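S.K.: Before we start, here is the structure in question, set down as structure tokens.
The values are calculated or read from the model by the stated rules, or taken from the named source; none is laboratory data. What you are looking at is a predicted structure, and each value in this text was computed from that prediction instead of being measured. Virtual Cβ from ideal backbone geometry, glycine too; neighbours counted across all protein chains shown. We work out accessible area using only protein heavy atoms, side chains counted, and drop any ligands, DNA or RNA first. Shrake-Rupley method; radii C 1.70, N 1.55, O 1.52, S 1.80 Å.
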Amino acid sequence: MSQMPQQAALAKCPSCAEPVESGDLFCGACGYDLSVVSAPPQDHPTLTMTGPAGPGDGTPWPTPGPPGPAASPEPHLPTDLPGTDSGGTPLSGEGSGAAPGATPPAGPGGAEPGGHEGGGGHSSGSGVRFDRPDEPDEYPLQAPAPRPASAPADPAQLCVACRAGRVDSDGYCENCGHAQPRERDHVERESGPVAAVSDRGLRHHRNEDAFAVGHTTLPDGTPAALAIVCDGVSSATRPDDASLAASRAAGDTLLAALPRGTHPQTAMHEAIVAAAQAVNALAEEPATAREHAPHQNAPACTIVGAVVTPGLLVVGWVGDSRVYWVPTDRTAPPARLTEDDSWAAQMVAAGLMSEAEAYADARAHAITGWLGADAYELEPHTASFKPDRPGAVVVCTDGLWNYAETAEEMSEVLPLDAAARPLHSARVLVGHALDGGGHDNVTVAVLPFPLPPQGAGSA
């Protein structure tokens, strides 16, 4: 343990001359601070560094001349003294018997022994100089080695907030600490004539919606477009994984079945069954049991989809996500093509409440049908329509239709050029939900319905 340095004891106070004792820091008579007084120096002889000092080891100084008023004494220089180096070897002139104070003889050309020109006092064996050159006022510093030029930062790794810091593996900016948006927080996608947009919304910490869009051709070469939208059940385990698995399974099933000649309505039924199986499989994965065991509930989501071919519109659903039909000619009435699997819909169907009363109830959005291992029974709903005019099909979650519930309200929000600009229209609809409060995740797909061929039936 280190200690503070101690001052030597004083016999008397330097201020009032009163006696003081060893260890006193202040004078008892006048209060003088004794710690600021340095101890009187003690006379210690200088010892050689090659061995212990003895009685006769002192180095004789040259005898000063007689004092006189007219003559000043000659100064004593370090070179006047004999000495040894650190190894005990006599310095220059000492081994040759030179008298103290004698100047060693110069070598040829005025050089000192050892070949060094100029002021004496250095020998080849001593390693000591007494005539060091003047040191410069400043020493030049070597410039640091240039750093290798780093590669420009990947724009995808830059913070969306400060645009300067890199994003770490946890999704936070190393510069400002801003949390970065997840990949699914906002997703936009186009596939042929169909487009979809999904957004996390303003209240949820993650996006539990998912979608799949695609286009293909039927065996006769007729084009077909499809969209699947899934909404994760927030009260279930891993709702985001459930919606993603269901949308991918349903989309892949439709893209495989339609080119084989499967009727679109049959293909939609098969797609919903495949989606349900994909969600059921999540309940058996270790991640579900590890996170919520033993009181876990199975992953779950809703599903809604549409397939558009010239002259035919097929929809399918389980849950409370919806499909709307909006004609290009807004003088014709729009329509909602699905019925919710919800408490409110059951109350209305049973005649117990009006639609306004049912959807004003706190239990209105409690769903009665969903995809998941703990669903009561899978009952896919499918329906087909033959519109007699061109228009647009809106496939969406309740994150949108909560802000445009009726078909007329949806028609008012949907841009007039929705059939020509589906991606722009999907963005407008998502923006409408966000402007309304964005209380839920929002996912919208827009499919243009082409001019039907002659002889098509009405919706």
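S.K.: Report every pair of residues separated by at least 6 positions or lying on different chains whose Cβ atoms are under 8 Å apart, first residue within region 336-361 and basic (Lys, Arg), second not in a helix (DSSP H, G or I).
M.R.: If the second residue must be not in a helix (DSSP H, G or I), the pairs left are Arg336/Arg322; Arg336/Val323; Arg336/Tyr324; Arg336/Trp325; Arg336/Thr406.
S.K.: Next question. Consider Thr262 carefully, then state whether it is of a type in the set (Val, Ile, Thr), more than 16 Å from Leu371 (Cβ to Cβ) and surrounded by fewer than 18 Cβ atoms within 10 Å (Cβ to Cβ).
M.R.: No.
S.K.: Look at region 382-422 and say how many of its residues are open to solvent by 50 Å² or more (accessible area, probe 1.4 Å) and under 15 Å from Ala445 (Cβ atoms).
M.R.: Residues that pass the stated criteria total 1.
S.K.: So which residues in region 237-259 are under 20 Å from Ala373 (Cα atoms), touching a helix residue (DSSP H, G or I) at 6+ places or on another chain (Cβ under 8 Å) and aliphatic (A, V, I, L, M), if there are any at all?
M.R.: Result: Ala242, Ala245, Ala246, Ala249, Ala250.
S.K.: Another question, if that's okay. Looking at Gln277, Gln296, which is the one that is at pLDDT 95 or above, out of contact with any His (no Cβ under 6 Å at 6 or more places or on another chain) and surrounded by fewer than 17 Cβ atoms within 10 Å (Cβ to Cβ)?
M.R.: Testing whether each residue is at pLDDT 95 or above, out of contact with any His (no Cβ under 6 Å at 6 or more places or on another chain) and surrounded by fewer than 17 Cβ atoms within 10 Å (Cβ to Cβ) leaves just Gln277.
S.K.: For a quick check of your reading of the model, give me the residue pairs whose first member lies in region 187-199 and is open to solvent by 60 Å² or more (accessible area, probe 1.4 Å), whose second is of a type in the set (S, T, N, Q), with beta-carbon atoms closer than 9 Å and at least 6 apart or on different chains.
M.R.: Glu188/Ser198; Arg189/Ser198
S.K.: Which of the residues belonging to region 329-371 are touching a helix residue (DSSP H, G or I) at 6+ places or on another chain (Cβ under 7 Å), in a loop (DSSP other than H, G, I, E, B), among the hydrophobic types (A, V, I, L, M, F, W, C) and under 17 Å from Tyr403 (Cα atoms)?
M.R.: Ala364
S.K.: Any chance region 210-233 includes a residue that's open to solvent by 50 Å² or more (accessible area, probe 1.4 Å) and of a type in the set (Ser, Thr, Tyr)?
M.R.: Yes.
S.K.: Let me ask something else about it. Restricting to region 326-344, count the residues that are over 44 Å from the mean Cα position of the chain (by Cα) and surrounded by fewer than 19 Cβ atoms within 10 Å (Cβ to Cβ).
M.R.: Counting residues in region 326-344 that are over 44 Å from the mean Cα position of the chain (by Cα) and surrounded by fewer than 19 Cβ atoms within 10 Å (Cβ to Cβ) gives 7.
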